[in-house]
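Okay, structure first, notes after.
The values are calculated or read from the model by the stated rules, or taken from the named source; none is laboratory data. Source: prediction; values computed, not measured. Backbone-built Cβ (ideal geometry, glycine too); neighbour counts: all protein chains shown.
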Amino acid sequence: MNVTEAIRARRSIRKFTGAEIPQEHLDIILEAAMMCPSARNMRPYEFAVIKSNEIKDAIANISPNFKMILNASCAIAVCGRPDLEEGMGHEFWQQDCSAATENILLQALELGYGTCWCGTYPVPERVAGVRAALGITDENCIPFALIALGVPAENPAPRGFYDKTRVKYY
Ligand SMILES: Cc1cc2nc3c(=O)[nH]c(=O)nc-3n(C[C@H](O)[C@H](O)[C@H](O)COP(=O)(O)O)c2cc1C
């Protein structure tokens, strides 16, 4: 699968078989995350891989939008680390974390896995809920997104969203 195919085939997956993902695949997925572009190459992020059923239960209770995490193999919490942007003068960590998140979705797809991006930041109760579930006490570590990751048990058809009216040429 090349990049053109992956971008167009990707769909959010909310049903998973529950099968495990081997560590070497998790390593490739996390490496892809950290290959993302980053403002001034500060790389203000860290990642938590959540396999524990107890923590998955706690996360699924934060929001009905997170329920699919229960049947995923694992969830990856993409966390921002604004403290690592010191001296930058602007906050770009949300953009870096978005780029890392998209890399995870596309790399996982190429390896045969399904994903769903679960928006966390800036919804206060979701950020606080993920913090509590993971026991994050460091104020500098901000849960940005959760990604449900696993072997898909559904196969939604690709869709096209290209809309020429949203593009202006100058
Ligand atoms: C920032 C962001 C937050 C999202 N949050 C959720 C979520 O909490 N739960 C969920 O089921 N899907 C979530 N999604 C997935 C979107 O619903 C999905 O991408 C959109 O409906 C388009 O469908 P597709 O991904 O299959 O193309 C989120 C996507 C983004 C980019």
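In segment 91-116, the residue that is farthest from the ligand (Cβ to nearest atom) out of those that are surrounded by fewer than 22 Cβ atoms within 10 Å (Cβ to Cβ) and among the aliphatic types (A, V, I, L, M) is Leu111.
Scanning segment 68-90 finds no residues that are closer than 17 Å to Ala145 by Cα, among the polar types (S, T, N, Q) and within 16 Å of the ligand (Cβ to nearest atom).
Quick check on my filter: what residues within segment 1-38 are in a loop (DSSP other than H, G, I, E, B) and β-branched (Val, Ile, Thr)?
Within segment 1-38, Ile13, Thr17, Ile21 meet the criteria.
When we screen Thr4, Thr17 for residues that are modelled with pLDDT of 95 or more, polar (S, T, N, Q) and closer than 11 Å to Tyr113 by Cα, the only hit is Thr17.
Scanning segment 90-111 for residues that are part of a loop (DSSP other than H, G, I, E, B) and among the small types (Gly, Ala, Ser) turns up nothing. For segment 117-137, taking the residues that are in contact (Cβ under 8 Å) with a residue 60 or more places away in the chain and buried (at least 23 other Cβ atoms within 10 Å of the Cβ), the one that is nearest to the ligand (Cβ to nearest atom) is identified as Val130. All told, Tyr170 meets the bar of being part of a loop (DSSP other than H, G, I, E, B), free of Cβ contacts under 8 Å to residues at least 12 places away in the same chain and over 16 Å from Ile21 (Cα atoms). Scanning segment 141-167 for residues being without any contact (Cβ under 8 Å) to a residue 60 or more places away in the chain and within 30 Å of Cys74 (Cβ to Cβ) gives a total of 2.
Residues that are at pLDDT 95 or above, more than 26 Å from Pro37 (Cβ to Cβ) and assigned to a helix (DSSP H, G or I) do occur in segment 115-125, at least one of them. Take Ala33 and decide whether it is buried (at least 16 other Cβ atoms within 10 Å of the Cβ) and touching a Leu at 6+ places or on another chain (Cβ under 6 Å). When the stated conditions are applied, Ala33 does not pass them.
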